[in-house]
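The values are calculated or read from the model by the stated rules, or taken from the named source; none is laboratory data. Computed from a predicted model, the values in this text were never measured in an experiment. Positions of Cβ are generated from backbone atoms using ideal geometry, with glycine treated the same way; all protein chains shown enter the neighbour counts. The accessibility values were calculated without ligands, DNA or RNA, using every heavy atom of the protein model including side chains. Shrake-Rupley method; radii C 1.70, N 1.55, O 1.52, S 1.80 Å.
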Amino acid sequence: MAHAKTSYVCLSCRASYKQPYDRTRQRTCPRCTETMIHAGSAFAAPRRRDVAAWRALTVLLNAGVGFHKSCCGGPGYRPRTLRDIRERLLHAGRTGEPVARALVLRELP
């Protein structure tokens with residue numbers, strides 16, 4: 001039985017690779033040999049030259065926010081700008097809400 005393909009991301013190279021999912025195996029980037037981060041099957045990489053989008057993505061992935069399919073077909077809301085991320089991080093700091101949960105709020109209360 002074939003494993004479903006999922007995205008692994010190298011933040012240093014700003015590259016994404018679709019590979020079979022295997023939770024027991026760490027993936028390394030073919031360009032720089034750094035360990036890649038499992039981003040999920042619903043991940044769509046920004047253009048390599050879009051530095052701001054990759055910075056935002058770095059915050060999301062390092063906070064444990066993935067791009068996995070849900071019952072509705074997509075990963076749900078993910079902020080795309082550093083401004084949106086800053087607002088959600090401030091909200092998390094003020095309210096004590098976990099950062100990963102605050103980052104995926106579509107609307108701040």
At what distance in nm do the modelled label points of residue 105 and residue 58 sit from each other, each positioned 7 Å from its Cα along Cα→Cβ?
-> 2.5 nm
Normalised contact order of the chain, rounded percent, pairs of Cα under 8 Å and 6 or more residues apart | 20 percent
Percent breakdown of C-alpha pair distances by 5 Å bin, ordered from the shortest bin, for the stretch 1-82 | 3, 15, 25, 27, 18, 9, 2, 0, 0
Pop a pseudo-label 7 angstrom from the Cα along the beta-carbon direction at both residue 69 and residue 12 and give the gap in nm to one decimal.
-> 3.2 nm
Kindly express, to the nearest 10 degrees and within the range 0 to 90, the angle between helix 82-95's C-alpha long axis and the longest C-alpha principal axis of the chain.
-> 60 degrees
Excluding ligands, DNA and RNA, the carbon-plus-sulfur percentage of the accessible area of the stretch 14-109 with a 1.4 Å probe reads 49 percent
